[in-house]
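What follows is a set of notes on a single structure, which appears directly below.
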Amino acid sequence: MSRRMFLYGLGVLGLPACGGGASDSGATASTASTSTSVAFAASESSTLVSDATSANSSTEVSTARVFVHPGLLHTEADFERMRSKVAALAQPWTDGWNALTSNGRSQLGASPRPLETVVRGGTGQNFAQMYIDIARAYQLALRWQVSGDTRYADLAVTFLNAWSSTLKTVTGNADRFLAAGIYGYQFANAAEIMRSYSGWAAADFARFQNMMLTVFYPLSSDFLARHNGAEITNYWANWDQCSLACILAVGVLCDRVDIYDEAMGYYKNGQGNGAGLEAVYHVHPGYLGQWQESGRDQGHCTLGIGLAGAFCEMAWNQGDDLYGYENNRFLAGAEYVAKTNLLDANGAFYVMPYLTNKNKQGSQTQLSTAGQGSVRPIWESVYNHYAGRRGIAAPYCALQVAQLHPERDGSNGDQLGFGTLTFSRDPLAASPSGLTAQCSGQQVILSWWGVPNASSYTVKRATSQGGPYTTTVASGITDLLTYTDTNVDGAAAYYYVVTAATASGETAPSAEAKAIITPELLVRLRFNETSGTAAADASGNGYTGSLVNGPLWVAGRTDNAVSLDGTDDYVSLPDGVVADLADFSIATWVFVDAAGTWARVFDFGSGARRSMFLTPRNGSGVVRYAISTVHAYNEQVIDGSTALPTGQWVHVAVTLSGTVGTLYVNGSVAGTNTAMTLAPFRLGGTTQNWIGRSQYPDPYLKGRVQDFRIYRGALSAAEIAALV
């Protein structure tokens, strides 16, 4: 067990994880203090980031920000589209409308059955009574919005009022958090649709908002903060995701900017399994993103896609593009789960790439076939966002849409459904996007996003930026959308684009992706300044270092160096500095004054969940480089044979070439690992990139650092020796 795993285990209750009906007996509820949130107005035509590795969906909200209403799963523009399409008897909206109007829960004549206490998990469960009434309120609200018939509005209000005047508590074992999250976001959506109805009294709406703030929100917020007292990887992705959906929905419904921002911040920076980078914890070539629960069972995978899809849609309608976060990472996960649960042309389930997943529950060494073929009415929102709004192909989501047409509600309370009516859009013409080119050893691995209705793709290459792209590397590519270029001798760098063949002809090329064949300096902090708190980047790439908490400029090995006091001093580099690195080299001079175990020469990460670091002395007393994407459970390391010496200048470097990682001390090989499958780009856009400080509560580095360098590409042993 690594030291980091041990630290996480301290104080852990060891509670078994569950989800979607499994239970955790004996857990007790606790309440988090209510905090507050709000978002800027956005419309279907909002200009959002495309072709980006990381979408800049701002959660830094001004005091003038105003929420869009209605603005959770559906906006007024959405309702207008539904009305006009249904009135014109257009397909597939008419089929979707007929699915809604024929559903038993969308009919007039039912009466609400509110409860003062709802129980999910353990004895006395009665939660189905609530989710059935939520489904009725939502479906009645949809019928009113599309048809204009106020009888449905009046009955929807009756259901909402009955519950808000009665419900006091959601309880049970740990499953109470699932009830709060899943039914909380659904309840908020029904109310958000009805908030503009003149027949819903302001006092009644305010009472409903209060119910959401005092019954549902505290449970969801507390779960993200404490995870029921368990180790943070104990609970699978869907637990975080339902809590996120509830918190964001309550923020919008109640015009609470702080609550909304709480959800947005956790999705990007949270440490649990449902945060964006952890839910899709590994992306295979061709952008198949392995889902965090894929080694568990497929029912929970599809549940997770439904919850995350709802979260992304609600955020989108407030102007935040989490669909596009980290190069459409959610789509990568959705395509993986969709494909896992589909049959191929031979009637067998597709063979899927799989990377062993490790967490508090143990190691899941293979894709789980439990529940394979899982069917849920969740795919329309995902497919129609990417194909209809962005012009990005989602072929396996499309196949799921086709087999479920038209979407209904699923009847089990896990999703609201009816996406054929509410989310359908016409596919948008576009060009391939999101092209990446990762140099790994003596090859370049390319992946890209396709376009709807393309028949094949062509990869082109140039030796200078901007082309001309005179070399056709590959053509006729259909699936997966990846290609490995092994003919990469003869140039320092290659520049790639991809085009698609469609019925209208060849599309315009994608944005260009650069692959570095000969190592290229990315960052160089010489630390030769004499004053100030900024360390200039001599590479010219603008990665300026910031001195935090008062490091000093002192005499170095040559020229000056930065001196760190071992108490709280460190140097911070910009976000995402290693986000595109596959093969890499990091090299620096360091003078260690005191041998603090687990202190850091550098540590680049986003908290403990994902990081890469170099420590002069690990728990076994040797220098170590390590990288992990799941709270050190899947940590890959290169160990030296001794600690870095103290009281003298030492040159230390780490390189990765393909799967071969090498650690150098004073120009000589100190350790190797030939099975390194984790490269820096696997960390995503790291937000805490530090020299002298750890992602964990480890000692700060006490010593001096000079000439800190990061290269795209792996330097050779001779090139490392030349730096010494």
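The values are calculated or read from the model by the stated rules, or taken from the named source; none is laboratory data. Note that the coordinates shown come from a computational prediction; the quantities given were computed from them, not determined experimentally. Reconstructed Cβ throughout: ideal geometry from the backbone, glycine too, with neighbour counts over all protein chains shown. Just the protein is used for accessible areas: all its heavy atoms, side chains included, with ligands, DNA and RNA removed. Shrake-Rupley method; radii C 1.70, N 1.55, O 1.52, S 1.80 Å.
Summary table
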{"quantity": "Using θ = phi - 60° and Karplus 6.51 cos²θ - 1.76 cosθ + 1.60, couplings along the range 254-261 (whole Hz; Gly, Pro as x)", "calculated": "9, 6, 10, 4, 5, 5, 4, 5"}
{"quantity": "Count of Lys pairs (Cα-Cα under 26 Å; at least 8 positions apart or interchain) in the chain", "calculated": "5"}
{"quantity": "Residue-level accessible surface for residue 85, protein heavy atoms, 1.4 Å, Å²", "calculated": "60"}
{"quantity": "Inter-probe distance in nm under a simple model that places probes 7 Å from Cα toward Cβ, at residue 716 and residue 455", "calculated": "4.7"}
{"quantity": "Distance (nanometres) between label positions extended 7 Å along Cα→Cβ at residue 90 and residue 154", "calculated": "3.2"}
{"quantity": "Cα-projected label distance for residue 639 with residue 408, points at 7 Å along beta-carbon direction, nm", "calculated": "5.8"}
{"quantity": "Of all accessible heavy-atom area on the range 213-269, the percent that carbon and sulfur account for (1.4 Å)", "calculated": "56"}
{"quantity": "Evaluated over the range 295-373, the Cα radius of gyration and Dmax, each in Å", "calculated": "14.3, 43"}
{"quantity": "Computed [θ] at 222 nm, deg cm²/dmol, the chain (DSSP H ≥ 4; -39,500 (n - 2.57); rounded to nearest 500)", "calculated": "-8500 deg cm²/dmol"}
{"quantity": "Solvent-accessible area, 1.4 Å probe, carbon plus sulfur percent, for the range 366-489", "calculated": "45"}
{"quantity": "Share of Cα-Cα pairs in the range 441-559 lying beyond 26 Å, as whole percent", "calculated": "44"}
{"quantity": "Over the range 384-523, volume per residue of the alpha carbon convex hull, in Å³", "calculated": "154"}
{"quantity": "For residue 641, net neighbour charge (Lys/Arg +1, Asp/Glu -1) across residues whose Cβ lies under 15 Å away", "calculated": "+1"}
{"quantity": "DSSP bridge pairs, the chain: antiparallel proportion in percent, nearest 5", "calculated": "95"}
{"quantity": "Extension gain (nm, one decimal) between residue 486 and residue 83, 0.36 nm per residue minus Cα-Cα", "calculated": "139.8 nm"}
{"quantity": "Extension gain, residue 258 back to residue 470 (0.36 nm per residue minus Cα-Cα distance, nm)", "calculated": "71.1 nm"}
{"quantity": "Built amide H within the under 5 Å cut-off of residue 349, gap 5+", "calculated": "344"}
{"quantity": "Estimated vicinal HN-Hα couplings, Hz - the range 206-211 in sequence order (Karplus 6.51, -1.76, 1.60; Gly, Pro = x)", "calculated": "4, 5, 5, 4, 5, 4"}
{"quantity": "Average Cα contact separation per residue, the chain, under 8 Å, 6 or more apart, as relative contact order %", "calculated": "11"}
{"quantity": "Solvent-accessible area per residue, Å², over the range 495-536 with all protein chains present [probe radius 1.4 Å]", "calculated": "44"}
{"quantity": "Accessible surface, per residue, of the range 422-478 when the full set of protein chains is kept, probe 1.4 Å, Å²", "calculated": "42"}
{"quantity": "Accessible area per residue, Å², the range 67-170 with all protein chains present, probe 1.4 Å", "calculated": "37"}
{"quantity": "Net +/- balance of residues flanking residue 370 in space, Cβ distance below 14 Å, scoring K and R +1, D and E -1", "calculated": "-1"}
{"quantity": "The range 616-706, accessible surface, carbon-and-sulfur percent (1.4 angstrom probe)", "calculated": "46"}
{"quantity": "Amide proton proximity set for residue 477, modelled H, under 5 Å, gap of 5+", "calculated": "457"}
{"quantity": "Unit Cα scatterers, Debye sum, the range 571-721: log10 I(q)/I(0) for q = 0.14, 0.18 Å⁻¹", "calculated": "-0.58, -1.02"}
{"quantity": "Largest-first ordering by accessible area, 1.4 Å probe, given options 116, 529, 313", "calculated": "116, 529, 313"}
{"quantity": "Radius of gyration and Dmax over the Cα atoms of the range 524-584, both given in Å", "calculated": "12.4, 35"}
{"quantity": "By accessible area with a 1.4 Å probe, ligands and nucleic acids excluded, highest first: order of 709, 120", "calculated": "709, 120"}
{"quantity": "208, 681, reordered so the largest accessible area comes first (probe 1.4 Å)", "calculated": "681, 208"}
{"quantity": "Rg/Rg_ref, the chain, where Rg_ref = 2.2 N^0.38 Å and atoms are Cα", "calculated": "0.99"}
